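The values are calculated or read from the model by the stated rules, or taken from the named source; none is laboratory data. Keep in mind that this is a model prediction, so the values were computed, not measured. Neighbour counts run over all protein chains shown; Cβ positions are idealised from the backbone, glycine included.
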Amino acid sequence: MFQCKDVAEEASNYLEGDLPLRKRIGLFLHLVICSCCRNYLQQIRQTINTIATIHPTEEHQTDTKALAEKLRALSDSESR
Amino acid sequence: MKKKVKLSPADEQSLIKQLINGDAKAFDYVVSQYHGLMLTVARAIVGEAFADEIVQDAWLSAIKALPNFEGRSSLKTWLLQITSNGAKTRFKREQRQVSLDDGWESVSHDKFDERGHRLDDVLPWDEDTPDALLENEQLRIIIETSFRQLPANQRAMLTMYDMEGLDMSEICNILDISSSNARVLLHRARTTLHHKIEEYRGL
């Protein structure tokens with residue numbers, strides 16, 4: 001029998017459809033009777049959508065303009 | 001669940017032609033779009049110390065090889081693969097050990113009773129859409145900061161899967177990890193950010 005703790009551990013796999021059938025059914029049956037876990041899964045979905053919308057980026061100190069120019073110059077000299 | 005961010009094949013072909021022709025705007029575009037992503041991959045494989053150097057080398061290799069790019073994968077995946085190859089070679093030289101066995105737990109054990117049931121109610125969040133969540137500037141800063149504090153391999157997984165829409169098999173190949181490890185990293189990253197949002201809402 002699935003417990004809340006199992007739902008917390010398998011939430012991503014469940015949302016991605018990566019659980020084997022037996023586990024998927026077990027988790028689904030738990031969700032039918034447990035509003036906490038339904039809310040938890042909904043929060044994880046919202047978290048994923050929020051991350052995709054914010055699209056946080058990797059922190060770096062590179063001057064991308066200068067790098068682009070350096071690469072363009074390299075490409076130019078390679079093609080001659 | 002994931003958000004697809006892909007150039008159409010026609011747009012990509014045109015972008016590659018512009019790069020080969022030395023178009024400055026095209027270079028600005030690819031560097032601004034992909035440099036951070038390439039750094040994420042390099043940091044995940046080999047760590048912070050060598051990542052910048054590996055990505056610089058990957059750019060140079062990619063630009064030299066660009067006229068021979070056959071389009072079997074997207075430009076993004078190709079750049080990440082070149083970065084990954086460089087990082088893996090460096091990693092083998094450095095022999096850094098990485099372990100997933102670090103006592104991580106998806107939700108703190110003290111939130112469950114001895115039978116694994118939740119002790120407290122989990123209530124739905126009021127805001128239904130990410131946009132509503134994002135109207136809150138403070139929350140946006142918390143998410144961005146928490147993202148940057150994630151371990152590099154979790155950050156790479158979350159970025160490539162949830163933000164860039166790469167396939168799981170491509171990501172496993174790039175990061176050189178099994179699909180079960182990839183799923184663990186993805187779930188840990190999502191759960192950490194979920195905790196941060198939850199903590200903020202509980203204040």
Check your understanding: Looking only at helices (runs of 4 or more DSSP H) that fall completely inside chain A, which ones have 3 or more residues that are over 22 Å from B:Phe27 (Cα atoms)?
Key -> A:4-15, A:21-33, A:35-54
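When only residues in the stretch B:92-124 that are among the acidic types (Asp, Glu) and at pLDDT below 80 count, which is nearest to B:Ala189 (Cα to Cα)?
Here is the first cut: in the stretch B:92-124, the residues among the acidic types (Asp, Glu) are B:94, B:101-102, B:105, B:110, B:113-114, B:120-121.
If we keep only those that are at pLDDT below 80 too, we end up with B:94, B:101-102, B:105, B:110.
Working: B:Glu94: 26, B:Asp101: 15, B:Asp102: 14, B:Glu105: 11, B:Asp110: 20 Å.
Among those that are among the acidic types (Asp, Glu) and at pLDDT below 80, it is B:Glu105.
Residues in the stretch B:125-170 that are among the β-branched types (Val, Ile, Thr), in contact with a helix residue (DSSP H, G or I) (Cβ under 9 Å, 6 or more places away or on another chain) and either outside the structural domain of B:Arg188 (by TED's automatic domain parsing) or modelled with pLDDT of 85 or more (or both): how many? Walk me through it before giving the result.
Within the stretch B:125-170, the first condition is being among the β-branched types (Val, Ile, Thr), and the residues that meet it are B:129, B:141-143, B:145, B:159.
Among the residues that remain, those that are also in contact with a helix residue (DSSP H, G or I) (Cβ under 9 Å, 6 or more places away or on another chain) are: B:129, B:142-143, B:145, B:159.
Keeping just the survivors that are either outside the structural domain of B:Arg188 (by TED's automatic domain parsing) or modelled with pLDDT of 85 or more (or both) gives B:142-143, B:145, B:159.
Selection size over the stretch B:125-170: 4.
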Study note, to complete from the structure: Apart from one, (1) of a type outside the set (Val, Ile, Thr); (2) surrounded by fewer than 17 Cβ atoms within 10 Å (Cβ to Cβ); (3) within 8 Å of chain B (Cβ to nearest Cβ) all hold for A:Gln61; the odd one out is (3)
Review point. Which number in (1) touching a Ser or Thr at 6+ places or on another chain (Cβ under 7 Å); (2) more than 7 Å from every other protein chain (Cβ to nearest Cβ); (3) not basic (Lys, Arg) marks the one condition that A:Ala8 misses?
Key: (2)
Check your understanding: Consider A:Arg38 against the criteria (1) surrounded by fewer than 17 Cβ atoms within 10 Å (Cβ to Cβ); (2) under 21 Å from B:Arg188 (Cβ atoms); (3) in contact with a helix residue (DSSP H, G or I) (Cβ under 6 Å, 6 or more places away or on another chain): it satisfies all of them except one. Which criterion is unmet?
Key -> (2)
Check your understanding: Considering only the stretch A:1-20, how many residues are under 12 Å from B:Val184 (Cα atoms) and hydroxyl-bearing (Ser, Thr, Tyr)?
Key -> 1
